[in-house]
Amino acid sequence: MSPLWSLALTPLPLAGAVLLKRAWDGPSPNRPGFILGGWGLLVIAIAASVPLMGPARGPFAVLAVGSTAALVLVAAGVEHRNARKKAARELAPEPSDRRRVVWRGWLRGFLAGPLAGVAALGCGLAVAICAPGQIQSRMVIGGLMVPFLWAGGMAWTLSDDKILRAFAVLAGVAVATLGAAFLKGAL
Amino acid sequence: MDGSTAAAPAKPAKATGKPIWPKVPAEFVRAMLAGHSALGLAFAALIYLVCFSGSIAVFTYEYGRWEQPAGPVLHAVTPQAADAAFREVLAKNPKAHDLFLRLPEPAYPRLSVHGDDPQGGEHTWFADASGRLAGEQKTPWSEFQAELHTVLHLPRAWGGFIVGLTGVALLSSLVSGVLSHPRVFKDAFAFRWGGSKRLQEADLHNRISVWGLPFHLVVSLTGAFLGLTVIIVGVLALATFKGDTSKAYALFRGPTVEDDPRPAAKVIDIAAAITNLKTRYPNARPTYVFIEHPGESGQHAGVNLVTEGRLSRGETVVVDGAGQVLGEVGYESGSVGLRVLSTMTPLHFGWFGGWPVKVAYLLLGLGLTAVTSSGVAIWLARRRDKGRPAPRWERVWIAFVWSQPAAYAFSALIALFSPATPVVAVWGLATLAACASAIVGTPVGISLALRRISAGLLALVAVAHASLHFAAMADPAGWIVDAALLGTAAILAASTLKALRRAEA
């Protein structure tokens with residue numbers, strides 16, 4: 001029965017999404033109530049899943065099934081546009097136009113890939129080796145930091161126009177963290 | 001995510017109060033969008049492939065059951081039957097380095113033993129309720145699709161690294177996508193279809209991205225971590241163990257038993273070990289036993305125990321050759337790190353909440369696949385809007401996108417009739433053939449044709465499978481997967497009819 005609890009709880013996030021959509025639909029005196037009620041139902045669903053499915057398993061299961069239900073709700077509210085009629089619209093933001101310079105492209109790729117990766121690995125390694133706590137915890141937390149920091153570094157270097165600043169920061173972080181890790185060198 | 005819908009009010013402007021979110025400078029949004037586009041384009045094909053294969057891989061166990069639906073289907077076995085199966089496989093190769101005994105569980109109701117033969121070839125045998133071997137496991141297509149997702153059929157270290165790097169790129173795209181979409185919550189329900197291609201794709205891209213965000217973050221972070229483990233542990237070992245990675249891995253293996261190759265007085269008693277552990281852990285269910293150096297003095301076993309209600313791969317208890325419990329690895333009782341580590345695989349694949357979570361993971365995974373596809377479509381449409389169309393890339397991308405359902409279905413069909421044929425080669429050729437359609441067709445024509453071919457192939461797979469196994473479909477998973485394939489084929493076919501009507505209109 002336990003796995004079916006996530007299905008049994010699905011009406012809660014779905015009802016929450018319906019309330020949020022009613023708030024989104026337009027201004028009304030009930031709007032704050034809809035917003036509070038919507039988020040409240042999502043929180044209640046997650047809280048209810050803890051005793052029913054387990055403290056970690058329940059929230060993750062409700063998030064997965066609830067997200068799917070919310071997407072179904074969004075899909076059900078699809079608005080069909082007339083292909084021939086051009087809708088009046090504001091200008092959507094456009095990506096910034098950068099000058100196409102070959103060496104900058106290669107340098108940006110190097111920063112986002114290898115250098116951001118080495119800097120992230122350095123941070124993870126520094127946590128694994130230098131932070132307090134049990135060895136396994138330090139290793140796993142340090143290891144989890146690597147993809148997260150690498151992704152952050154990638155996003156930053158690919159969007160920052162000041163490419164040399166990004167280079168300096170990433171190189172500095174890599175040298176400092178790897179240096180600290182290799183200097184200490186023992187778990 | 002794309003910022004294109006950031007200002008696309010289909011309704012009259014609403015009188016709203018002061019926004020609760022801080023205003024993001026336009027320059028920042030534009031810079032983030034540029035980075036988001038560059039990253040998305042650089043990794044589009046890899047992210048698409050990893051997301052598509054990952055969505056399919058959620059049901060890996062079910063495909064295995066579908067490929068061999070005759071069973072024996074077992075929902076529980078006695079410890080004695082498990083022990084008998086282990087001994088029968090050991091008798092085939094008494095010098096086996098290790099054996100992997102898998103006990104029936106709800107997701108995979110089979111008793112099986114994996115080991116190698118004297119020539120080094122690997123085999124998995126199924127056993128019946130008494131532990132007698134009933135046949136060899138032959139699930140080439142299930143293995144193909146799982147390996148495509150985890151290592152792209154490359155050498156394990158390289159494949160894992162590339163998949164992990166793809167996970168990092170996906171995670172990075174999520175970060176830059178959220179930052180470049182300042183109206184992320186304000187537009188949360190706006191889903192408009194038709195009209196401008198770019199805005200339609202942008203709505204699809206942004207709505208799935210926003211509502212699937214928790215799932216996207218979880219699978220990309222866990223996937224990147226799992227893929228990069230080899231490199232992370234390698235660097236860690238370099239810094240602390242002079243490059244000896246086995247010492248780093250040993251920290252996660254629990255109690256160790258000294259290697260002693262001298263023959264043991266008797267082979268480890270798996271039945272006694274399971275019985276003993278069932279008494280010690282009454283709420284847990286043994287799922288597998290990994291026996292190392294069976295028949296040697298240093299023989300020992302790791303018994304994995306799963307407790308209902310825990311988000312974990314299970315606790316592993318190490319037992320020595322005499323049946324003495326040496327201790328737990330600590331996946332559920334150890335440090336925070338070990339407990340977090342044990343959640344990674346179930347969280348990544350959706351193997352923690354039964355079929356409702358698996359179905360949700362499949363749909364959300366396909367949603368993420370659609371996000372990747374629409375991201376490139378937005379970029380192509382933007383180029384067209386600006387008077388710089390890239391018709392060749394439009395054809396290539398749509399052909400690649402729809403090549404995968406067709407290639408997966410075709411490889412499954414060939415695997416059904418010719419299990420010895422290398423499935424990856426069939427899949428590769430089918431992918432190339434589908435992509436070659438970019439040479440001749442238009443984007444709409446390619447999309448329609450490949451969707452129809454996929455629908456036809458999926459239906460053919462279901463019908464062929466049902467015909468081949470009709471008389472011996474002991475496992476209901478066989479019928480369920482066939483029905484799901486037919487349903488998918490019908491949806492795909494229906495989508496082409498709608499598209500055709502739209503095109504005619």
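The values are calculated or read from the model by the stated rules, or taken from the named source; none is laboratory data. The structure displayed is predicted, hence computed values, not measured ones. Heads up, the Cβs are rebuilt from the backbone with ideal geometry, glycines too, and the neighbour counts pull from every protein chain shown. Side chains included, ligands, DNA and RNA excluded: accessible areas come from the protein's heavy atoms. Shrake-Rupley method; radii C 1.70, N 1.55, O 1.52, S 1.80 Å.
Assorted remarks:
- Percent antiparallel among DSSP beta bridges (both partners in the protein assembly as shown, rounded to 5): 95 percent
- Taking 18 Å as the limit for the C-alpha separation, the pairs A:21/B:186; A:21/B:358; B:23/B:186; B:95/B:247; B:23/B:197 exceed it in the case of A:21/B:358; B:95/B:247; B:23/B:197.
- Per residue convex hull volume, Cα atoms of the range B:115-236, in Å³: 217 Å³
- Span from the the range B:481-498 Cα centroid across to the the range A:97-120 one, whole angstrom: 43 Å
- In order through the range A:99-115: 3J(HN,Hα) via Karplus (6.51 cos²θ - 1.76 cosθ + 1.60), integer Hz, x for Gly, Pro: 5, 8, 10, 4, 5, 5, x, 5, 5, 4, x, 5, 5, 5, x, x, 5
- Anchor residue B:278: aspartates and glutamates whose Cα lies under 20 Å away (excluding residues fewer than 8 positions away in-chain): B:83, B:105, B:269, B:308, B:315, B:320, B:328, B:332
- A DSSP coil position with no more than 15 other Cβ atoms inside 10 Å describes the following trypsin sites (Lys or Arg not before Pro) in the range B:253-283: B:253, B:266.
- Shown for chain B: the carbon plus sulfur share of the solvent-accessible area, taken with all protein chains present and a 1.4 angstrom probe, equals 66%.
- Computed over the Cα atoms of the range B:169-252, the ratio of the radius of gyration to the Kirkwood radius (Rg/Rh) comes to 1.26.
- Gap separating the Cα centres of the range B:327-373 and the range B:24-94, nearest whole Å: 10 Å
- A cut-off of 5 Å between modelled amide H atoms, ignoring neighbours fewer than 5 places along the same chain, links residue B:134 with B:126, B:127, B:128.
- Note that the range B:319-326 has calculated 3J(HN,Hα) couplings of 10, 8, x, 8, x, 6, 6, 8 Hz, one per residue in order, obtained from phi through the Karplus relation 6.51 cos²θ - 1.76 cosθ + 1.60 (θ = phi - 60°); glycine and proline are x.
- For chain B, Kirkwood radius (reciprocal of mean inverse C-alpha pair distance, Å): 25.3 Å
- ³J(HN,Hα) computed for each position of the range A:38-54 - Karplus, 6.51 cos²θ - 1.76 cosθ + 1.60, integer Hz, glycine/proline x: x, 5, x, 5, 5, 5, 4, 4, 5, 5, 5, 6, 5, x, 7, 10, x
- Helix-only [θ]222 nm of chain B, DSSP H runs n ≥ 4, -39500 (n - 2.57) each, per residue, nearest 500: -20000 deg cm²/dmol
- Between the range B:281-301 and the range A:7-40, the C-alpha centres lie 51 angstrom from each other.
- Backbone amide hydrogens, once placed in the peptide plane, bring residue B:298 within less than 5 Å of B:260, B:262, excluding anything fewer than 5 places away on its chain.
- Exposed-loop-free span, longest in chain B, where GluC sites (Glu not before Pro) count as exposed if DSSP calls them loop and at most 16 other C-beta atoms lie within 10 Å: B:1-257
- Under 5 Å from the amide H of residue B:74 lie the amide H atoms of B:110, B:111, each residue being 5 or more positions distant or on a separate chain, with H modelled from the backbone and absent for Pro and chain starts.
- Summarised as an ellipsoid, the protein assembly as shown has semi-axes of 44, 31, 26 Å, derived from the eigenvalues of the Cα gyration tensor scaled by 5 and square-rooted, with the largest first.
- Value of Rg/Rh across the range B:363-505 [Cα atoms, Kirkwood radius]: 1.03
- Sparsely packed trypsin sites (Lys or Arg not before Pro) within the range B:55-95, loop by DSSP, other Cβ within 10 Å at most 15: B:95
- When you work out D = kT/(6 pi eta Rh) for the range B:359-427 at 10 °C and 1.306 mPa s, using the Kirkwood radius from C-alpha pairs as Rh and the Stokes-Einstein form, the result is 112 µm²/s.
- Acute angle (nearest 10 degrees) that the helix B:391-417 long axis makes with the longest principal axis of chain B, alpha-carbon atoms: 30 degrees
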